[in-house]
1. Looking only at the stretch 30-44, count how many residues are within 16 Å of the chain's Cα centre (by Cα) and either more than 14 Å from LEU101 (Cα to Cα) or without any contact (Cβ under 8 Å) to a residue 40 or more places away in the chain (or both).
2. In the stretch 1-111, which helices (runs of 4 or more DSSP H) lie fully inside it and hold 1 or more residues that are of a type in the set (Ser, Thr, Tyr) and either surrounded by fewer than 17 Cβ atoms within 10 Å (Cβ to Cβ) or at negative phi (or both)?
3. Could you figure out which of (1) touching a Lys or Arg at 6+ places or on another chain (Cβ under 9 Å); (2) hydrophobic (A, V, I, L, M, F, W, C); (3) in a helix (DSSP H, G or I) isn't true of PHE115?
4. Restricting to the stretch 55-75, name every residue that is within 17 Å of ALA23 (Cβ to Cβ) and among the hydrophobic types (A, V, I, L, M, F, W, C).
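FYI, it's all coordinate maths here, none of it is from the lab. It should be emphasised that the depicted structure is a prediction, and the values quoted were computed from it without experimental measurement. FYI the Cβ positions are ideal-geometry reconstructions off the backbone, even for glycines, and counts take in every protein chain you see.
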Amino acid sequence: MALTVIDEKNIFLLDGLGALVSAFSIGVLLTTFQPWIGMPLEVLYLLAALAVGFAFYSLTRYKFADLSRPIWLKGIIFLNLFYCGLSLFFVVSHFGALTALGLTYFILEKVVVLFIVALEWRTLSRSF
């Protein structure tokens, strides 16, 4: 089976689906098991809401945007980096309350998001 080429259109689909996975993971799973995670519920809800917003952005860009302009891809790169920074801020702020499971989740999520940012950056530099 051949791999689909990541281009300036389907990178938004990948990003949007990833954001939906994050929104579900944080907004449903982590909030349900919050005592085993340690991150306060209000932080989890905020991060989940941001992930929903980013999913909306990416999926609407995938469907409707004029992708001949790099502004859309630069936008999601910026938003993903902002999300990582904000999430890292919350990890540091609530480090004492986080469990090993919670810390592991947030570290792995950052690795995945930064991998997607690297793909987006590569797509941006290759396409424009």
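1. So the first thing to find is which residues in the stretch 30-44 are within 16 Å of the chain's Cα centre (by Cα), and the list is 30, 43-44.
Now restrict to residues that are either more than 14 Å from LEU101 (Cα to Cα) or without any contact (Cβ under 8 Å) to a residue 40 or more places away in the chain (or both): 43-44.
The number of residues fulfilling the criteria is 2.
2. On the way: elements: 10-24, 34-37, 41-64, 71-93.
Once the helices (runs of 4 or more DSSP H) in the stretch 1-111 are filtered for at least 1 residues that are of a type in the set (Ser, Thr, Tyr) and either surrounded by fewer than 17 Cβ atoms within 10 Å (Cβ to Cβ) or at negative phi (or both), what remains is 10-24, 41-64, 71-93.
3. Just one mismatch for PHE115, condition (1).
4. Correct list: ALA55, PHE56, LEU59.
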